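*Asks:* Shown below is the structure under consideration.
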Amino acid sequence: MKNAENSDDKAEKISTPDKRAEAIFKSKANPPAGKSQISVDSDEISKLKEEISLLKKENFNIKTLAALEKSGCLKPELAAKTIPENCENIQEWVEQFKAENDILFRKPLQDHGNTFKPTQCTNLSPVEIMNNYIRGI
């Protein structure tokens, strides 16, 4: 009896669902004497499987939103709804989606090499510059 209680205590101490499921499967190898405990274990296993599937869906959603935001999507929540659930490579899908729906993505800013600096004055000849200097204009 003490071994069964110790295994239950260990299962309660483990926090992640994967590790709890592993602990339950290991305890299945040494089944307890009562059959009611086995049915409870199967219920716990089904709950853990549901919890793991929810966590996988949430992780997939976070990955898709991050990939869409990184690619410059203006409305990543809308674009994430169109991605199929069985998509294995998110980055490829985002690139293909970006090619098809370029309106949803930011245009890259044109860089002029940071050398263009507009001025407010007109182009003056050296004589005009000297005259303006002498007159104090």
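*Asks:* When you scan the range 46-71, how many residues do you find that are over 14 Å from the mean Cα position of the chain (by Cα) and touching a residue at least 12 places away in the same chain (Cβ under 8 Å)?
*Replies:* Summing the residues that are over 14 Å from the mean Cα position of the chain (by Cα) and touching a residue at least 12 places away in the same chain (Cβ under 8 Å) in the range 46-71 gives 4.
*Asks:* Working only within the range 56-109, note down all residues that are farther than 28 Å from THR16 by Cβ and among the hydroxyl-bearing types (Ser, Thr, Tyr).
*Replies:* Selection gives SER71, THR82.
*Asks:* So in the range 90-131, with the set limited to residues that are of a type in the set (S, T, N, Q) and surrounded by 10 or more Cβ atoms within 10 Å (Cβ to Cβ), which one is modelled with the highest pLDDT? Give the steps one after another, and end with the answer.
*Replies:* Going through the range 90-131, the residues of a type in the set (S, T, N, Q) turn out to be 91, 96, 101, 110, 114-115, 119-120, 122-123, 125, 131.
Narrowing the set further to residues that are surrounded by 10 or more Cβ atoms within 10 Å (Cβ to Cβ) leaves 91, 96, 101, 131.
On the way: GLN91: 87, GLN96: 90, ASN101: 86, ASN131: 87.
Restricting to residues being of a type in the set (S, T, N, Q) and surrounded by 10 or more Cβ atoms within 10 Å (Cβ to Cβ), the top hit is GLN96.
The values are calculated or read from the model by the stated rules, or taken from the named source; none is laboratory data. It should be emphasised that the depicted structure is a prediction, and the values quoted were computed from it without experimental measurement. Positions of Cβ are generated from backbone atoms using ideal geometry, with glycine treated the same way; all protein chains shown enter the neighbour counts.
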